[in-house]
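Only one structure is covered here, and it is reproduced in the block below.
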């Protein structure tokens, strides 16, 4: 079968190859024929050789997974052949640590994900654990279903980690997929307004944010931009969805006293800035990572009801067009590329 494989770090190490067919699913596992898989910013980092998390090479990329059940392994119930499904991203967790026992298996220290330590879904099929599969509503298309995972990341940040209140004023830093989807989730969660900010080069993505409901968009063109936009100390919640550490300073500048900041974008750079605003404003600072079963069920319910719709955020490509898709994402011309298998 065809698979987009990272055989090492860097651009020349990512190749579309013919590989052996997926092995028969073991007990508790399910084989899924891939139909659509989203391209994540982390996939671009692997392509550039700049990812900061451990990889096991060679590995098939892709963790924003959607497909149709092909075969079920022994002991699997509640999953039927021919069923359209999406899969969570934690291919394995230990199941016995305190975090797993508490239901927060996204925080398991032994967690290993698709597309990094296990073969992912940028292939004709993949194998996953039955308990992390979710049925796709009939009225949700394959490509929209492939966006479930980044929606879940945004939902976890805005709803489960932060505590969004009706009529809140919200700012989102970073108009990538998670930032723009966080904007949508904040709006359907009752936010009075959501302002999305980006940097030069983000113009196309900010237009998508506006089309999906952002109250306003702002280009940050200079140091300390949040002090010159008449936005300072105005927001009940700031979602930092940028992939750098320094944007936390802007988030602390934008949030009002007693407000909340949730950081979901991450990068390897040290922060190196004062934290006095965190203390002086008594800000609640949350980190947000991944998602759990209930997150997926709620997001799929919202997708099925049409209350979440990525609309112009998505652009589809065939698997053999993967390089075009990766370039479009890297150049910020496309918000979310989806590969159709």
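The values are calculated or read from the model by the stated rules, or taken from the named source; none is laboratory data. This structure is a prediction, so every number in the text was calculated from the model and none was measured. Cβ: placed from backbone, ideal geometry, glycine included. Neighbour counts: every protein chain shown.
General remarks:
- All conditions in (1) outside the structural domain of residue 89 (by TED's automatic domain parsing); (2) in contact with a strand residue (DSSP E or B) (Cβ under 8 Å, 6 or more places away or on another chain); (3) assigned to a helix (DSSP H, G or I) hold for residue 165, with the sole exception of (3).
- Condition check for residue 197: out of contact with any helix residue (DSSP H, G or I) (no Cβ under 6 Å at 6 or more places or on another chain), farther than 21 Å from residue 333 by Cα and crowded, with 18+ Cβ neighbours inside 10 Å: no
- Residue tally, condition touching a residue at least 60 places away in the same chain (Cβ under 8 Å) and over 23 Å from the mean Cα position of the chain (by Cα), over the stretch 1-25: 8
- Any hit, the stretch 217-239, residues being part of a loop (DSSP other than H, G, I, E, B), modelled with pLDDT of 95 or more and either in contact with a helix residue (DSSP H, G or I) (Cβ under 8 Å, 6 or more places away or on another chain) or within 22 Å of residue 308 (Cβ to Cβ) (or both): no
- Among (1) under 21 Å from residue 201 (Cβ atoms); (2) in contact with a strand residue (DSSP E or B) (Cβ under 7 Å, 6 or more places away or on another chain); (3) surrounded by fewer than 16 Cβ atoms within 10 Å (Cβ to Cβ) - the single one residue 320 does not satisfy: (1)
- Failed criterion for residue 49 (all others in (1) in contact with a helix residue (DSSP H, G or I) (Cβ under 6 Å, 6 or more places away or on another chain); (2) modelled with pLDDT under 95 hold): (1)
- Some residue of the stretch 179-196 being in a loop (DSSP other than H, G, I, E, B) and within 24 Å of residue 43 (Cα to Cα): no
- Being assigned by TED's automatic domain parsing to the domain that holds residue 176, within 20 Å of the chain's Cα centre (by Cα) and buried (at least 23 other Cβ atoms within 10 Å of the Cβ) is a condition met by no residue of the stretch 221-235.
- Test for residue 126: is it touching a residue at least 12 places away in the same chain (Cβ under 8 Å) and more than 16 Å from residue 288 (Cβ to Cβ): yes
- Qualifying residue in the stretch 204-213 (condition: within 20 Å of the chain's Cα centre (by Cα), in contact (Cβ under 8 Å) with a residue 40 or more places away in the chain and not in a helix (DSSP H, G or I)): yes
- Evaluating residue 148 against the criteria (1) over 22 Å from residue 310 (Cβ atoms); (2) in contact with a strand residue (DSSP E or B) (Cβ under 7 Å, 6 or more places away or on another chain); (3) at pLDDT 95 or above leaves one unmet condition, (1).
- Selection from the stretch 268-308 of residues that are modelled with pLDDT of 95 or more, more than 23 Å from the chain's Cα centre (by Cα), part of a loop (DSSP other than H, G, I, E, B) and surrounded by 13 or more Cβ atoms within 10 Å (Cβ to Cβ): 281, 283
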